[in-house]
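Reviewing the structure listed below.
The values are calculated or read from the model by the stated rules, or taken from the named source; none is laboratory data. Since we're looking at a predicted model, the values are computed, not measured. No Cβ is skipped: glycine too gets one built from the backbone with ideal geometry, and neighbour counts run over all protein chains shown. For accessibility, only protein heavy atoms count, side chains too; no ligands or nucleic acids. Shrake-Rupley method; radii C 1.70, N 1.55, O 1.52, S 1.80 Å.
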Amino acid sequence: MQWVPEYRDDINRVERFNAVARITHWGHTVTFILCLFTGLVLFCDGMDWLATIFGGYAGAGLVHRIAAVLLTLFIAFFVLFDFKGIISWVKDLLRFGMNDIIFVMKFPLDFLGLPVKMPPQTRFNGGEKGNSMLTPTCVIFLVLSGYIMWFPAIFPAGLVRVAYPTHDIAMVFATFMVCMHGYLGSFHPGSGESFWGMWKGTVREDWAKHHHPIWYEEAYGEKADAEKE
Amino acid sequence: MARKTNLYDVSKCIACRACQVACKDWNQLPAVIEPFKGNYQTHKDTNGDTYTIVKFIEHEDDPAADVQWNFLKYQCMHCFEPACMDVCPRKCIYINDWGAVLKDYDNCIGCQYCSYACPFHIPKYRKRQDIVTKCTLCYERVEEGLTPACVRTCPTDALQFGDRDELMQYAEERVKFLRVNGFPNATIYGKFELGGLNMLYVLTDSPDKFDLPVDPKVPGQIPFWQNWVQPYLGWLIPLALLGSATSFVTTRILANKHGEHGEGGHE
Ligand code: HEM
Ligand code: HEM
Ligand code: SF4
Ligand code: SF4
């Protein structure tokens, strides 16, 4: 059985994510998952076995805080070194239109593997746009509420009490998205190719044409070539 | 076992703070010196090394009269339904068989949830040990047949310890007496508040004159968090995993049926 689609360098490839985006993405993936597992030991009952992996509950708390600081640093790194990338990302999200709505509505069928015809997509498809809005928002809430919970004495007590449910709600929604997202960005046969975009930076040209025709046309199509010259 | 309660009768308190010192002494807590703030109260609030304080509350209700001073011994109320116990993720807070709310410090991770869930914000962080501490109702002493250190020390018997029902009767008599002797607003605190407190107060005036919440409530965010978010919302995560696993299987079955995806994706 095939897991991730095979990486093919015999087929023409185009760049999808630059090094800063990729370092940030895998950086926050690892730190997010560390925070998640060390946080779940408190969120769920009967997680002693998981806490043991981190050297007990005190150890889990320490790992949670170290990972949290690194997560914050990765976000700062992204903002500092690829601010332009973030702006163009946000601009693409603002292009949310009819094609995205149809994509999201038809997506459940595609998700299960039924053949569907999707309207042309920009750099990020409807689902990725949704993910790009919801997950980072949740992560920002996690970071803000997290520091409030870490240093409650310097914040008003009312804010600390709001931070507790906020941290958990943001954790659940972010993790819900990440479960689907991690799967779609790797083992899903249709979109799995995007994994290489995030891992090596490039995706197959034919895949890009097929999945993100508007983006492909604008970035690598004839018009874009003409503009470059 | 019947509840054993601490009773504090403010009408007998002379604010000598012997209880505060006795508490430090028995629990071997280091002194915490706070700067002078212009009144006689030593500490603004309880802290990680100070389980009980005597508050000095000033009132100027009647401009003709002098400043009115209200004293209040302040510490953990040993609630019948402690919010601190509900939120503790390490389940290290428990109620013993005579009603003291206690902590098992071995399991405490210093997360401070209990501190902010408490309607009185009583438990406090002790940095040097990374734990959150509070009054223990001197349970070790009580189990040896003694009374709590503060009660033992109190020179005016403003503090009394014993069977809750007996002390409740006594408190009711005291309130009756005070009401006809110049304190018409005298009241008991701890009988009904928060479903009952294992610390009873005889107050000479309404609770707000003693810096106590008149109708104390666990802050709303805490039950929302504990009763809704924690037990139910988390199920979305296994749902997402299940969805992904389903897709993993069906995409591969359907791929066999419809033939492999064309080069680069669908069709
Ligand atoms: C800057 C980022 C973060 C900071 C500063 C932070 C801080 C904290 C703190 C101080 C606690 C209290 C428990 C303790 O003292 O160990 C906590 C709990 C928790 N954190 Fe975080 N955190 C962050 C990010 C995250 C992320 C990314 C996740 C998950 C995806 C997460 C999930 C949790 C969970 C599930 C709990 C337990 C909550 C409960 O007891 O119900 N945290 N966090
Ligand atoms: C679990 C492992 C993960 C895998 C395999 C994975 C994979 C990917 C891939 C392949 C992309 C590029 C998609 C595209 O071509 O547009 C991507 C984008 C993205 N990832 Fe992840 N990711 C993972 C975890 C995470 C985590 C933990 C977060 C955040 C907390 C995250 C946030 C994002 C965001 C915001 C994007 C851009 C929007 C999108 O394309 O959906 N990812 N990820
Ligand atoms: S007063 Fe606060 S710390 Fe004491 S038992 Fe009640 S909730 Fe817990
Ligand atoms: S600080 Fe300790 S006692 Fe308080 S809720 Fe956290 S683990 Fe429980």
Evaluate the Debye formula for segment B:52-142 with equal point scatterers sitting on the alpha carbons, no solvent, and hand back log10 of I(q)/I(0) at q = 0.14, 0.20, 0.24 Å⁻¹, in q order, two decimals.
-0.57, -0.92, -1.23
B:V132's amide H: which non-local residues (gap 5+, or another chain) put their own amide H closer than 5 Å, with H modeled 1.01 Å from N in plane and none for Pro or chain starts?
B:G110, B:R126
Cross-link reach list, lysines versus A:K106, counting only Cα pairs under 23 Å and skipping chain neighbours closer than eight places:
A:K117, A:K129, A:K209, B:K257
Coordinate range along principal axes, alpha carbons of segment A:19-59, Å, largest first:
40, 17, 13
Using a 4.7 Å Cβ cut-off, which Cys residues in chain B lack a partner cysteine?
B:C13, B:C16, B:C23, B:C79, B:C88, B:C92, B:C108, B:C111, B:C118, B:C138, B:C154
Extent of segment A:110-221 along each principal axis, from alpha carbon coordinates, in Å, largest to smallest?
55, 30, 25
Give the separation of the Cα centroids, segment A:162-177 to segment A:57-129, in Å.
17
From the protein chains alone at 1.4 Å, what is the descending order of accessible area for A:W199, B:W26, largest first?
A:W199, B:W26
Rounded to the nearest 500 deg cm²/dmol, what is the calculated helix-only ellipticity per residue at 222 nm for chain B, with -39500 (n - 2.57) per DSSP H run of length n ≥ 4?
-8000 deg cm²/dmol
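Loop-only trypsin sites (Lys or Arg not before Pro) in segment B:55-125, please: DSSP not H, G, I, E or B, and at most 11 other Cβ atoms within 10 Å.
Hits after loop and neighbour filter: B:K91.
Rg/Rh for segment A:1-118 to two decimals, with Rh computed the Kirkwood way over all alpha-carbon pairs.
Here the Rg-to-Rh quotient is 1.09.
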As a test of reading the structure, rank B:F224, A:F83 by solvent-accessible area (1.4 Å probe, protein chains only), most first.
A:F83, B:F224
What is the distance, in nm, between label points placed 7 Å from the Cα along the Cα-to-Cβ direction at A:E217 and at B:K44?
6.4
Two decimals, Cα atoms only, Kirkwood Rh: what is Rg/Rh over segment B:98-206?
1.03
Taking r as the C-beta separation of A:T72 and B:F177 and R0 as 51 Å, the FRET efficiency to the nearest 0.05 is 0.25
Over segment A:13-228, what is the relative contact order in whole percent, taking alpha-carbon pairs under 8 Å and six or more residues apart?
26
Could you work out the Rg to Rh ratio of segment B:1-118, with Rh taken as the Kirkwood radius (inverse of the mean 1/r over all Cα pairs)?
1.02
Which value results when the Cα radius of gyration for segment B:1-60 is divided by 2.2 N^0.38 Å?
1.30
What relative contact order, as a whole-number percentage, does chain B give when Cα pairs under 8 Å and 6 or more residues apart are counted?
23
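Could you tell me what a quarter of the Cα convex hull surface of segment B:89-156 works out to, in nm² with one decimal place?
Taking a quarter of the hull surface, the average projection is 5.9 nm².
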For chain A, average projected area of the Cα convex hull in nm²
15.7
Hey, could you get me the Stokes-Einstein D for chain B, Kirkwood radius over alpha-carbon pairs, 10 °C and 1.306 mPa s, rounded to whole µm² s⁻¹?
74
Starting from the Cα of A:K84, draw a straight line to each of the aspartates and glutamates and keep only those under 15 Å, dropping any in the same chain fewer than 8 residues away.
A:D92
What base-10 log of the normalised intensity I(q)/I(0) is obtained for the protein assembly as shown from the Debye formula, alpha carbons as equal point scatterers, at q = 0.06 Å⁻¹?
-0.43
Separation between the A:I33 and B:R152 pseudo-spin-labels, each 7 Å from Cα along Cα→Cβ, expressed in nm?
5.6
Calculate one ³J(HN,Hα) per residue across segment B:121-130 by plugging θ = phi - 60° into the Karplus curve 6.51 cos²θ - 1.76 cosθ + 1.60, and present them in order as whole Hz with x for glycine and proline.
6, 7, x, 10, 6, 10, 4, 4, 10, 6
Sum of -39500 (n - 2.57) over DSSP H runs of 4+, divided by residues of chain A (222 nm, nearest 500):
-23500 deg cm²/dmol
